[in-house]
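Participant: Handing you this structure, nothing more for now.
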Amino acid sequence: MSPANSSTWPVTVIEGTPQPEALRDILDLVGAAEDEDGNPPFSEQSLVELKAKAGGPHTVLTLLTHAPEEKSPTEGEDLAGVAVVVLNGSEGVLEIAVHPHYRNEGVGTMLVDKLVAVRGLLGIKAWSHGDHEAAADLAASYGYRAIRELWRMRLVRHAPADTPAAPSSFPTPDGVRLRTFVPHQDEGPWLAANAAAFAHHPEQGAMTPADLQARMEEPWFDPAGFFLAVNDAGDILGFHWTKVHPARTGQAAMGEVYVVGVTPAAQGMGLGRTLTAQGIEYLQNRGLSAIMLYVDADNEPAVALYRKLGFTKWDSDVMYGPVSATS
């Protein structure tokens, strides 16, 4: 159901990876939305699937709508909104981005209505990055409710002396050492350790070799900021993969505690604290005064650790699912 002050604009459906021109337009819209909102409208996995050379109808579904000329501040029709569904068999995760110029025009409703028409919502969950009120209203109109909350926490260093505990404050156990990731050597062992560490995590634990390779091809990838805890046999017991976000409009460059994981066999050894502190020290030594991370709001041990290290809640993402959903 579209707002009364809006006519329905044509929606284009793309099955599989968009063509380069369409992809450029999508990424431009994503960038404009992020500049406006201060947080990305799409998860990293959605961007990976949109760029994947081998992406097909079974992996990603994209819906685009362009504003008519009379609505456009420029000549021609501008891309007003995009919806991306990352598919995994009969299930999928939906994300929507609307260009700041075309908000309050019912663009999100147009895109979801088209998705209902071409595929339906069975098995679909949806993310709202930043937990926008408009997204909550849109979700409710389709019978969806909040089923998961993902916090963004941030650590800000206001002066050089304002630092968390050094890695030496959390020494590694006997027989364990820290080293950095070695490309073309550690991919397989790390994927196995990651799957074990995140066996019950809906996204991270399902990372594939193609997912890892796609991230290693991104400009931000730096093995010097990818720390591994290994035993005397060389087995990976834990890891901390850091990331650096470049400066954007109104926001300085920022570090990220990208992924911290400890395998079940190494739980209780304190490796999570040591690895987290090691990554924070690395990012701060690169001159980054702000560091952020994502953590599930109900992961009390992780939230407690991050608070101890100086992180505070900054923002949140909310996943919506059908009212009947139980997870």
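The values are calculated or read from the model by the stated rules, or taken from the named source; none is laboratory data. Keep in mind that what you see is a predicted model, and the values were worked out from it rather than measured. No Cβ is skipped: glycine too gets one built from the backbone with ideal geometry, and neighbour counts run over all protein chains shown.
Participant: Is there any pair linking a residue in the range 107-118 that is closer than 12 Å to A135 by Cβ and touching a residue at least 24 places away in the same chain (Cβ under 8 Å) to one that is assigned to a helix (DSSP H, G or I) and of a type in the set (S, T, N, Q), with Cβ under 8 Å and at least six apart or on different chains, and which?
Facilitator: Listed by first residue and then by second, the contacts come to T109/S141.
Participant: Pick out, from the range 49-157, the strands (runs of 3 or more DSSP E) lying fully within it that include 3 or more residues that are among the small types (G, A, S) and outside the structural domain of Y306 (by TED's automatic domain parsing).
Facilitator: Ranges flagged: 79-88.
Participant: Right, something else. Residue under question is G234, and the condition is that it be more than 19 Å from H201 (Cα to Cα), modelled with pLDDT of 95 or more and surrounded by fewer than 22 Cβ atoms within 10 Å (Cβ to Cβ); does it hold?
Facilitator: It is true that G234 is more than 19 Å from H201 (Cα to Cα), modelled with pLDDT of 95 or more and surrounded by fewer than 22 Cβ atoms within 10 Å (Cβ to Cβ).
Participant: Which strands (runs of 3 or more DSSP E) does the range 188-273 wholly contain that include 1 or more residues that are in contact with a His (Cβ under 6 Å, 6 or more places away or on another chain) and more than 29 Å from G89 (Cα to Cα)?
Facilitator: Answer list for the range 188-273: 226-231, 254-262.
Participant: Any residue at all in the range 136-152 that's among the polar types (S, T, N, Q), touching a residue at least 12 places away in the same chain (Cβ under 8 Å) and within 30 Å of M254 (Cβ to Cβ)?
Facilitator: no
Participant: Can you find a residue that is more than 20 Å from D317 (Cα to Cα), polar (S, T, N, Q) and under 21 Å from the mean Cα position of the chain (by Cα) anywhere in the range 79-95?
Facilitator: Checking the range 79-95: at least one residue is more than 20 Å from D317 (Cα to Cα), polar (S, T, N, Q) and under 21 Å from the mean Cα position of the chain (by Cα).
Participant: Looking only at the range 14-43, which residues are among the aliphatic types (A, V, I, L, M) and in a helix (DSSP H, G or I)?
Facilitator: Within the range 14-43, A22, L23, I26, L27, L29, V30, A32, A33 meet the criteria.
Participant: Continuing with this model, one more query. Is it the case, given these coordinates, that R286 is over 17 Å from R148 (Cα atoms), under 22 Å from the mean Cα position of the chain (by Cα), surrounded by fewer than 17 Cβ atoms within 10 Å (Cβ to Cβ) and at pLDDT 90 or above?
Facilitator: No: the conditions fail for R286.
Participant: Just need a number here: residues in the range 280-306 that are without any contact (Cβ under 8 Å) to a residue 12 or more places away in the chain and over 21 Å from H201 (Cα atoms).
Facilitator: 2
Participant: Scan the range 148-183 residue by residue and report those that are crowded, with 16+ Cβ neighbours inside 10 Å and at pLDDT 90 or above.
Facilitator: R148, L150, W151, R152, M153, R154, L155, V176, L178, F181
Participant: For the range 170-215, what are the residues that are in contact (Cβ under 8 Å) with a residue 60 or more places away in the chain and either in contact with a Lys or Arg (Cβ under 6 Å, 6 or more places away or on another chain) or on the phi > 0 side of the Ramachandran plot (or both)?
Facilitator: Result: F170, single match.
Participant: Could you please let me know if T276 is modelled with pLDDT under 95, of a type in the set (S, T, N, Q) and buried (at least 16 other Cβ atoms within 10 Å of the Cβ)?
Facilitator: Here the answer is yes, as T276 does meet what is asked.
Participant: Can I ask one more? When the residues of the range 27-75 are filtered to those that are of a type in the set (D, E) and over 27 Å from Q213 (Cβ atoms), which remaining residue is modelled with the lowest pLDDT?
Facilitator: E75
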